[in-house]
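The values are calculated or read from the model by the stated rules, or taken from the named source; none is laboratory data. This structure is a prediction, so every number in the text was calculated from the model and none was measured. Methodologically, a virtual Cβ is constructed for each residue, glycine included, from the backbone with ideal geometry; neighbour enumeration extends over all protein chains shown.
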Amino acid sequence: MKSHAEAAAEFIKDGERTDWHDETLWFVRAKRDLAAHGLPEWEQLRDWASEIKNHTLSNISQYLTAFEKNANANGITVHWAADAEEHNRIIHKLIKDNGIEKIVKSKSMLTEECHLNEYLNHHGIATIDTDLGERIVQLRQEPPSHIVLPAIHLKKQDVSDTFHEFLHTEKGNNDPQYLTEAARIHLRDHFVASELAITGVNFAIAETGGFVVCTNEGNADMGAHTAKIHVACMGFEKLIPKAEHLGVFLRLLTRSATGQPITTYSSHFHRPRPGQQMHIVIVDNGRTRQLGRPDFRNSLKCIRCAACFNTCPVYRRSGGHSYHTAVAGPIGSILNPNLDMKANADLPFASTLCGSCSNVCPVKIDIHEQLWKWRQVIVAEGYVGAGKKLSMQGMGFLFSHPNLYRFAGKMGRFFMRIAPFMVNNRLNPWYKQREMPAPPKESFGEWYIKNRKK
Amino acid sequence: MKVGLFIPCYVDQFYPKAAIATLELLEKLGVEVGYPSGQTCCGQPMANSGFSGLTGGCDALFVKNFSSYDYVVCPSGSCVLHLKEHLHAEDEAQAVALRSKIYELTEFLTDVLKVEQLKASFPHRVGLHQSCHGQRGLKISQMTELVAPGFSKPLQLLGMVDGVNMVQLDRMDECCGFGGTFCVAEEAVSAKMGQDRVADHVKNGAEYITSADLSCLMHLEGILKRQGSAVKVLHIAEILNHQ
């Protein structure tokens, strides 16, 4: 597997596409700013959202128990999954026990995290993703590159080529209207035939035992309303205590995600319709472990709006696939080391710690501070290269000894002047696209002794 | 008022002119400035790379050099932020006391000295690069993400300089991509970010790019020079001290 830096370097090779990716996401960030600045109470809403989540996480077992009780009373079956494997097995069993053949799935980052599609495919079961972006990447056999805009790394031409190959649309026809219509017809066939519909969950309400699914395409509703079985999958952090708290989150979610005042469809599910089965799978998959890490607990407040992706100057220029995980971007970089520290040790370093992510986060997660803290943990656990460790130890020693520091500085500048090729070469990554600073004859320390200490 | 001047390693070695301008500016404003000779680095390169366990030597030197001063002033927001957040000592109370006395130059001028006028002139078109650590970390200016009234300590000071013509950027507070060791560990992204940042300034007609943080400027200067651009970088102290 390539590291973030290696994969990012490959993405950037196509400069035009990188610029387009950056500008498109910056456009979304600008829309978010407009929507946020339109509400004088914006910062108050963020405080409330953060505090509600904080309270819920502090009393999570109580709220989960209440949710299960109320959901059961509504006729919903609640399943508990300790990890991704168990989540997948539960769904597989529901499919087998009910003799299901046609499955549609609306957008759910949890099922991506659990690799449900691959698991079911492995058992000979096909699922059709019904979110347009998700369907496009599914046809291409790629993972989503963004949690809200899964195909944002693709241009119209790419979509046209994909649809031509799989849906037999006219070759070279890039008209978005035409392509969307083709997808609509294609997906309609699957909706009508579907027997089981899988959806995600945006908010689960302990008080009512119901849950809310937000989509802009209405595809979750189409699936859930036609199939005889509706399976909703959620990480346990999706819980909120009361229905009255929904208003805070629904106002924040799409303004942060896309700059829209409200999601097009916020569908409230409380009980199965007569003759239908409704199931909820509540997943841990490392969340309890993260809850137990005081420095990273706040990451469980995330409502998956992706505002941190859109504002992140690194994400915009490296693309989602460079993060090699289901949830990319700044939030993914603090969630994924919890799932597998070794495999994701590079992610907390894929940031300049500029802090913009923390500022746009609607639930006020201290994202950039957690990135800094993960770096400390990853180094302490020994997941950095020996070369880096050695150079850092050398630096620490040099900077602890002022005489040595002054001597090394003087020598360094001297050699940079008389033998610039010693630093201006291929071994110096700085020099690849940047000139080195011009070394002055005198450091400030040397100047000071001459001019102020007479 | 006794002020200790902290000149971080890379400023000391590569940008003495910015350090001299900082010293002269403070002296002009009637401040008694001392420069302890045993200073090196704030420790940020190690800490931001995950090696905060290796900053003990830097911390001890810093405490030894600066504990006797009323204030510590430094022309680099990034280093100041690191010290404010992560300076430790054997006597932790001493470190905590010192943390609250450390100021980035522009915030020291506006908040402590409460400077309202400067004798300075710089008749050029200037783009201000807001360094992330100064802006978002130290809050020396408002951030575009937050819904709150705007302010900018660097702009407030630049407004006192005769003839300066500030350019409007398309992206007011986008990161330049330097990021300490990020600039080499993620060379491709870092360089691309720097190129994009420079392009915004150039497109909007800047002759100079200034900042309260030289580390960003070192990165942008490296890119400008590689491009053969005539646009120059100057630390804000050099503009505020220019006559």
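Is it the case that segment B:164-179 has a residue that's in a helix (DSSP H, G or I), under 20 Å from B:Pro8 (Cβ atoms) and within 13 Å of another protein chain (Cβ to nearest Cβ)?
Filtering segment B:164-179 down to residues in a helix (DSSP H, G or I) leaves none.
Checking segment B:164-179: not a single residue is in a helix (DSSP H, G or I), under 20 Å from B:Pro8 (Cβ atoms) and within 13 Å of another protein chain (Cβ to nearest Cβ).
Only one of these is surrounded by fewer than 20 Cβ atoms within 10 Å (Cβ to Cβ), of a type in the set (Val, Ile, Thr), at pLDDT 95 or above and within 23 Å of the chain's Cα centre (by Cα): A:Thr24, A:Thr65. Name it. Outline the logic, then answer.
Working: A:Thr65 fails: within 23 Å of the chain's Cα centre (by Cα).
Of the residues listed, the single one that is surrounded by fewer than 20 Cβ atoms within 10 Å (Cβ to Cβ), of a type in the set (Val, Ile, Thr), at pLDDT 95 or above and within 23 Å of the chain's Cα centre (by Cα) is A:Thr24.
Kindly state which helices (runs of 4 or more DSSP H) lie completely within segment A:82-135 and contain at least 3 residues that are over 21 Å from A:Ala328 (Cα atoms). Spell out the reasoning first.
Details: elements: A:84-97, A:109-113, A:116-122.
Filter on segment A:82-135 gives A:84-97, A:116-122.
Can you name every one of the helices (runs of 4 or more DSSP H) wholly within segment A:341-405 that holds 1 or more residues which are at the interface with chain B (Cβ under 7 Å from one of its Cβ atoms) and of a type in the set (Val, Ile, Thr)? It would help to see each step written out before you state the result.
Numbers: elements: A:356-360, A:367-380, A:386-400.
Once the helices (runs of 4 or more DSSP H) in segment A:341-405 are filtered for at least 1 residues that are at the interface with chain B (Cβ under 7 Å from one of its Cβ atoms) and of a type in the set (Val, Ile, Thr), what remains is A:356-360, A:367-380.
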(request) Can you tell me which residue among A:Pro348, A:Pro429, A:Pro420, A:Pro362 is buried (at least 18 other Cβ atoms within 10 Å of the Cβ) and either without any contact (Cβ under 8 Å) to a residue 60 or more places away in the chain or closer than 21 Å to B:Asp59 by Cα (or both)? (result) A:Pro348
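Condition check ((1) over 23 Å from the mean Cα position of the chain (by Cα); (2) closer than 15 Å to A:Leu57 by Cα) across all residues:
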| position | (1), (2) |
| --- | --- |
| A:Met222 | yes, no |
| A:Ala227 | yes, no |
| A:Cys233 | no, no |
| A:Glu237 | no, yes |
| A:Leu246 | no, no |
| A:Gln277 | yes, no |
(message) Can you list residue pairs whose Cβ atoms sit under 6 Å apart, with the first residue in segment B:51-75 being more than 18 Å from B:Glu32 (Cβ to Cβ) and polar (S, T, N, Q) and the second being at pLDDT below 95 and assigned to a loop (DSSP other than H, G, I, E, B)? Count only pairs 6 or more apart in sequence or on different chains.
(response) none
(message) For segment B:224-243, which positions are in a helix (DSSP H, G or I) and farther than 27 Å from A:Asn425 by Cα?
(response) B:Ile236, B:Ala237, B:Glu238, B:Ile239, B:Leu240
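Looking at this structure, is A:Trp26 assigned to a helix (DSSP H, G or I) and either within 9 Å of chain B (Cβ to nearest Cβ) or charged (D, E, K, R) (or both)?
Numbers: assigned to a helix (DSSP H, G or I): yes; either within 9 Å of chain B (Cβ to nearest Cβ) or charged (D, E, K, R) (or both): yes.
It is true that A:Trp26 is assigned to a helix (DSSP H, G or I) and either within 9 Å of chain B (Cβ to nearest Cβ) or charged (D, E, K, R) (or both).
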(request) Quick one: in segment B:181-223, of everything that is within 30 Å of A:Glu6 (Cβ to Cβ) and in a loop (DSSP other than H, G, I, E, B), which residue is farthest from the other protein chains (Cβ to nearest Cβ)? (result) B:Thr181
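Out of A:Arg289, A:Arg251, I need the residue that is at pLDDT 95 or above and out of contact with any Leu (no Cβ under 8 Å at 6 or more places or on another chain). Which one?
On the way: A:Arg251 fails: out of contact with any Leu (no Cβ under 8 Å at 6 or more places or on another chain).
Just one listed residue meets the conditions, A:Arg289.
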(message) Within segment A:268-284, does at least one residue satisfy the condition of being within 27 Å of A:Tyr383 (Cα to Cα), touching a residue at least 40 places away in the same chain (Cβ under 8 Å) and assigned to a loop (DSSP other than H, G, I, E, B)?
(response) yes
(request) Working only within segment A:8-37, note down all residues that are touching a helix residue (DSSP H, G or I) at 6+ places or on another chain (Cβ under 7 Å), touching a residue at least 12 places away in the same chain (Cβ under 8 Å) and aliphatic (A, V, I, L, M). (result) A:Ala8, A:Ile12, A:Leu25, A:Val28, A:Ala35, A:Ala36
(message) Going residue by residue through segment A:416-434, is there one that turns out to be assigned to a loop (DSSP other than H, G, I, E, B), of a type outside the set (A, V, I, L, M) and modelled with pLDDT of 95 or more?
(response) yes
